[in-house]
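A short write-up of the structure that comes next.
All of the numbers you see were taken from the coordinates with simple rules; none came from a lab. In this text, all values refer to a predicted model and were calculated from it rather than measured experimentally. Methodologically, a virtual Cβ is constructed for each residue, glycine included, from the backbone with ideal geometry; neighbour enumeration extends over all protein chains shown.
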Amino acid sequence: MLIDNFYEVVSLETANTNQHTALVRLNTSHDVFKGHFPNNPVMPGICMIQIIKELSEEILKYELFMEQVLNVKFMTLINPEKCNELTFSLQIDEVDGAVKVKSAIDFEGAVALKMSSTYKKK
């Protein structure tokens, strides 16, 4: 975990070989939220992207290096004080030595992020 004690994986399920769902609980008292932003915490976009990478590594059982983000859409803000549990949906495909991940983050029926990214094995 790049940022210690920032989140915990509550559950990680595999629907089929490449479809995965994780329930992640944010640590609402983490220093990241004190600085981003004081009295109005918002989940940083880069932290969402990092969690997607870390979940992908956990699923694949090896480290990844991000090569490319083809599409990333931040669709709504996540205030961890209002909702600290997020659902991560990941479709992971290994193609010609590359790892392609289509991901989404949802909370309380709202989509917060959609992203397509490509990684290589470290």
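Note on the range 28-62: residues that are in contact (Cβ under 8 Å) with a residue 40 or more places away in the chain, farther than 19 Å from THR76 by Cα and under 15 Å from the mean Cα position of the chain (by Cα) amount to 6. Of all residues in the range 88-112, those being of a type in the set (S, T, N, Q) and in contact with a Phe, Trp or Tyr (Cβ under 7 Å, 6 or more places away or on another chain) number 1.
Annotation: LEU77 fulfils all but one of (1) touching a residue at least 40 places away in the same chain (Cβ under 8 Å); (2) surrounded by fewer than 19 Cβ atoms within 10 Å (Cβ to Cβ); (3) aliphatic (A, V, I, L, M); the unmet one is (1). Among the residues of the range 90-101, count how many are surrounded by fewer than 17 Cβ atoms within 10 Å (Cβ to Cβ), of a type outside the set (A, V, I, L, M, F, W, C) and on the phi < 0 side of the Ramachandran plot. So the count comes out to 3.
Listed here are the residues, each with its yes/no results for (1) among the charged types (D, E, K, R); (2) within 15 Å of the chain's Cα centre (by Cα); (3) under 21 Å from PRO44 (Cα atoms).
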residue	(1), (2), (3)
LYS82	yes, no, yes
PHE88	no, yes, yes
ILE92	no, yes, no
ASP96	yes, no, no
ALA104	no, yes, yes
GLU108	yes, no, yes
MET115	no, yes, yes
LYS120	yes, no, no
